[in-house]
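Visitor: Structure in structure tokens, see below.
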Amino acid sequence: MGNITWEEFVVGVRHVLAVSDSIGDGWHVRGSLEEHGGGYLAKRMDYPVAIGEPSERTAEDATIDHDSVTEPYENDPCSIDPDSSFRPVYGEFHVLYSLAHAVPTLYLRAWRRDGSCLEAQELWRGLTAAERRPSSDESERLRSLTQQEHPFLGEPWYHLHPCRTADLMDQIAGNDVDRVDAKRYFIRWMSTVAPLVGCPVSHHYASFR
Amino acid sequence: MAEDREILREIWEGRLPVCFTLATEEVSTPIAPDPFYLMVPRLTYFPLVTDKVRRHFVRCVVPEKHDNEMWLEFEKCPLKWHYPIGLLYDLLVTNSELPWQLTVHFDKYPDNKLLKCPSKDVVESHLMHSLKEADALKHKNHIMALMQERDHKQLWLGLLHDRFDQFWSANRKLMEHSAEDGFRYIPFRLYAPQFTSKPFMQYLVKSIENEKRLTLEDLLQRANLNFESKGPFQVVIHGIDLPLETPLQWISEHLSYPDNFLHLCIRYSSP
């Protein structure tokens, strides 16, 4: 069961909403789930990484000069510099249904306090440092992450491309002979994919009633 | 497999005359550079045909901006490079003025509105993602997945170098279908900014349903919008006003852009 229908997607989304309401981790719906493909799951949070903020420079320079922003990580990729010039960033995650691939798909964006958006390289470097992962993982993840027009907002967002999601979900199911229901599929997908980009998924989601 | 090769060829040959002008506030030389005129294929993407435009203007902006990404604007609207040129024209130009007057910028890249495009590789990756999405709709992604890397390259290089035969040698495989069934779903995007804040509408429409060949009219009906409410309208692709009774399967095989999507614009005649 690599794919799900829109109706199954909605079952998964409603499960997340119910659990999220009880634990208060902020998932909510935008648009309409009544309309086929008409809504999506969204969450905004402080990103669990610290990224350099261009506090000393003007906002205009900040968009060009990336070297000095990322420099501290080049000394030690596993350290998070406690320097006060580093500020947390904000992240927003959207889970949409891909009509073409018939799978859930994740869009994300992160920005600094001054409103400037993080580029993929900065984002990954920050996440890698926070998770203490080896850098080979970073390059692996970069390959699957592309900038894409958000289908609801028309803005550039980062996107984990869904064309291999069905294969991934087949692999995860492995020897699971029972047909996996929509809730389980959705939670398996979320707990596999979302943490890769720094969005934690609570174990509470794995208890089904 | 598409049979009306002449139509495919006509669509491929579609060109637009464009007049590029450097934004006045970015001119750093005593005399502003001349505008730059170019005939560009409707089917391609701006980053693939604007190297010359860049070279012409870059010497007239301050040296600090020489390595910046160039971007284009039409009437205050930054142009999305990931939309084919013909789509941008059909979507944005209401008075059919030609040549198309575009403003060139090297400064203040609007990265909250436009995807970054640091190199042509990004365009290639965008094309491949779109082709996979279209194939997922048409054939559950079976054809793109079975195609060899060589065929993927033919599609890309055919578009990049404007070579019809090279592109279609691979693209005809993506257009295959059984005679009785047609495509599983028609890959299309419907642009109707008058009705929605979304950049485009996309929903599932089959080629044939209950043995009936669906038409453009069927596709519009399924949008659940009253298009007539805003007056008489046209559905435009490649600058052509498509008759509503045209079968979707035929349109999809003959009028799709190289990304294998039909990019259909709803257009109202100006009052």
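The values are calculated or read from the model by the stated rules, or taken from the named source; none is laboratory data. Note that this is a predicted model, so its numbers are computed, not measured. Cβ placement follows ideal geometry from the backbone for every residue including glycine, while neighbour counts extend to all protein chains displayed. With ligands, DNA and RNA removed, areas are computed over all heavy atoms of the protein, side chains included. Shrake-Rupley method; radii C 1.70, N 1.55, O 1.52, S 1.80 Å.
Visitor: What is the set of long-range amide H partners of B:R15 at a cut-off below 5 Å, with H atoms built 1.01 Å from backbone N?
Guide: Here the answer is B:R42, since their amide H atoms fall under 5 Å of that of B:R15.
Visitor: A further question on this structure: Would you mind listing how long region A:86-125 runs along its three principal axes, going by Cα atoms, in whole Å with the largest first?
Guide: Extents along the principal axes: 40, 17, 13 Å.
Visitor: Still on this structure: How big is the Kirkwood radius of region B:119-176, worked out from every pair of different alpha carbons and given in Å to one decimal?
Guide: 11.4 Å is the Kirkwood radius here.
Visitor: Among rounded, prolate and oblate, which fits region B:197-271 when a ≥ b ≥ c are the square roots of the eigenvalues of its C-alpha gyration tensor, a/c under 1.5 means rounded, and a/b larger than b/c means prolate?
Guide: Cα axes put region B:197-271 in the prolate bin.
Visitor: Still on this structure, please answer the following. Taking the simple approach of a point 7 Å from Cα along Cα-to-Cβ for both A:Q121 and B:K116, what is their distance in nm?
Guide: Distance between label points: 0.7 nm.
Visitor: Moving on to the next point. Would you list which lysines come within 21 Å of B:K206, measuring only between C-alpha atoms, while excluding same-chain residues fewer than 8 positions from it?
Guide: Partners found: B:K132, B:K138, B:K140, B:K173.
Visitor: Could you list the square roots of 5 times each eigenvalue of the Cα gyration tensor of chain B, that is, the equivalent ellipsoid semi-axes, sorted largest first and rounded to whole Å?
Guide: Sorted largest first and rounded, they come to 34, 23, 16 Å.
Visitor: Counting heavy atoms of the protein chains only and a 1.4 Å probe, report the per residue accessible area for region B:181-271 as a whole number of Å².
Guide: Details: 4030 Å² over 91 residues.
Dividing the accessible area of region B:181-271 by its residue count gives 44 Å².
Visitor: Further question on the same structure: Would you jot down the residues in region B:85-122 that end up with at least 20 Å² less accessible area in the complete protein assembly than in the chain alone, with a 1.4 Å probe?
Guide: In region B:85-122, residues shielded by partner chains: B:K108, B:D111, B:N112, B:L115, B:K116.
Visitor: On to the next question. With a 10 Å cut-off between alpha carbons and a GNM built on chain B, which of B:Q249, B:Q166, B:Q194 moves the most?
Guide: B:Q194
Visitor: Obtain the nm distance between the two label points defined at B:S28 and B:R9 by a simple spin-label model: each point lies 7 Å from its Cα along the Cα-to-C-beta direction.
Guide: A separation of 4.8 nm, rounded to one decimal place.
Visitor: Going by a ≥ b ≥ c, the root eigenvalues of the Cα gyration tensor, does region B:207-250 fall in the rounded group (a/c under 1.5), the prolate group (a/b larger than b/c) or the oblate group?
Guide: Taking the square roots of the gyration eigenvalues as a ≥ b ≥ c, region B:207-250 is oblate.
Visitor: Can you list the lysines whose alpha carbon sits under 29 Å from that of B:K76, skipping same-chain ones fewer than 8 residues off?
Guide: By straight Cα distance, B:K76 reaches B:K52, B:K65, B:K108, B:K113, B:K116, B:K120, B:K198, B:K230.
Visitor: Kirkwood Rh, Cα Rg: Rg to Rh for region B:6-105?
Guide: Using Cα coordinates only, the ratio equals 0.99.
Visitor: Please give the Cα centre distance for region A:105-126 versus region B:80-155, rounded to the nearest Å.
Guide: Using only Cα atoms, the two centres lie 23 Å from each other.
Visitor: Near B:I237, within a Cβ-to-Cβ distance under 12 Å, what is the net charge of the other residues, with Lys and Arg +1 and Asp and Glu -1? Walk me through the numbers on the way to the answer.
Guide: Values: positive: B:R42, B:R189, B:R267; negative: B:D90, B:D241.
Surrounding charge for B:I237 is +1.
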